[in-house]
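Inspection log for the structure reproduced underneath, given as structure tokens.
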Amino acid sequence: PAVDVVTGIGFLSTSDYTRYRFAYEGGPDDIEAVTVTADATTVYLFEKLDANSVRAFALTAPFDDETVGVASVIANFTPPGLSFVNLGRAITAADLHLSGTRLLMRVYSGIYEYRFGPSQSVADLGTVDPTLITLGPLSEPQGEALAYDESGREVLSVSEDTQQQPGQPMHRFTCP
């Protein structure tokens, strides 16, 4: 929606939606990070584990509201982040750049960006080294959301409020 910078978004509602049901290959999983390709043909989901290896899933079109789709494992990879920080590698957010050649990933210890080569995609996460955008930030006690801005050159990040208080600051970082 169009957003007035003075009044903000306010409350939004819709009655026009479609529900797509799906299951994960291998059974239920803990997923918080979800992103969609620009053409809306693939949904990527990332496992939230503080482990040496996590999985990326893909759910592909066509999406049918009458059947249950299957999110298939497309990659096993080492999540970015600091292993010595409690839950430092637990993936809480992701955003795929409109070009499909870059992927942001938020873990509790920082924000990282994967840059894919000409023949690479999210399925190649295990072979791509992420670039650190920022550690923390420390002012985000529970960083849970991020996105590329409209230019695609900056990252917006915000924390869930662990104390249920409004007014969490939004941070803006420039991609290297």
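The values are calculated or read from the model by the stated rules, or taken from the named source; none is laboratory data. Keep in mind it's a predicted model, so treat the numbers as computed, not measured. We place every Cβ from the backbone using ideal geometry, glycine too, and count neighbours over all the protein chains shown. SASA here: full protein model, heavy atoms, side chains in, ligands and nucleic acids out. Shrake-Rupley method; radii C 1.70, N 1.55, O 1.52, S 1.80 Å.
In this structure, does T35 turn out to be modelled with pLDDT of 90 or more, of a type in the set (S, T, Y), within 24 Å of Y108 (Cα to Cα) and open to solvent by less than 40 Å² (accessible area, probe 1.4 Å)? Steps first, answer last, please.
Details: modelled with pLDDT of 90 or more: yes; of a type in the set (S, T, Y): yes; within 24 Å of Y108 (Cα to Cα): yes; open to solvent by less than 40 Å² (accessible area, probe 1.4 Å): yes.
For T35, the condition - modelled with pLDDT of 90 or more, of a type in the set (S, T, Y), within 24 Å of Y108 (Cα to Cα) and open to solvent by less than 40 Å² (accessible area, probe 1.4 Å) - is met.
With L138, L156, L104 as the choices, which residue is within 16 Å of the chain's Cα centre (by Cα) and surrounded by fewer than 17 Cβ atoms within 10 Å (Cβ to Cβ)? Spell out how you get there, then give the answer.
On the way: L138 fails: within 16 Å of the chain's Cα centre (by Cα); L104 fails: surrounded by fewer than 17 Cβ atoms within 10 Å (Cβ to Cβ).
Result of the check over L138, L156, L104: L156.
From the list F57, F46, which residue is in contact with a Phe, Trp or Tyr (Cβ under 7 Å, 6 or more places away or on another chain), under 18 Å from T101 (Cα atoms) and surrounded by 17 or more Cβ atoms within 10 Å (Cβ to Cβ)?
Working: F46 fails: in contact with a Phe, Trp or Tyr (Cβ under 7 Å, 6 or more places away or on another chain).
Just one listed residue meets the conditions, F57.
Select from the range 71-98 the residues that are in contact with a Gly (Cβ under 7 Å, 6 or more places away or on another chain) and touching a residue at least 60 places away in the same chain (Cβ under 8 Å) and write down the one among them that is surrounded by the fewest Cβ atoms within 10 Å (Cβ to Cβ).
Looking at the filtered set, the residue picked out is L98.
On the basis of being within 17 Å of A93 (Cα to Cα) and touching a strand residue (DSSP E or B) at 6+ places or on another chain (Cβ under 6 Å), does L156 make the cut?
On the way: within 17 Å of A93 (Cα to Cα): yes; touching a strand residue (DSSP E or B) at 6+ places or on another chain (Cβ under 6 Å): yes.
In short, yes.
Just to be sure I understand, how many residues within the range 94-126 are in a helix (DSSP H, G or I) and farther than 19 Å from T42 by Cβ?
Result for the range 94-126: 0.
Just the residues that are without any contact (Cβ under 8 Å) to a residue 60 or more places away in the chain, in a loop (DSSP other than H, G, I, E, B) and under 14 Å from the mean Cα position of the chain (by Cα), please, taken from the range 24-48.
Selection gives D30, K48.
Have a look at T60, T7 and point out the one that is polar (S, T, N, Q) and more than 20 Å from G126 (Cβ to Cβ). Spell out the reasoning first.
On the way: T60 fails: more than 20 Å from G126 (Cβ to Cβ).
On inspection, the qualifying residue turns out to be T7.
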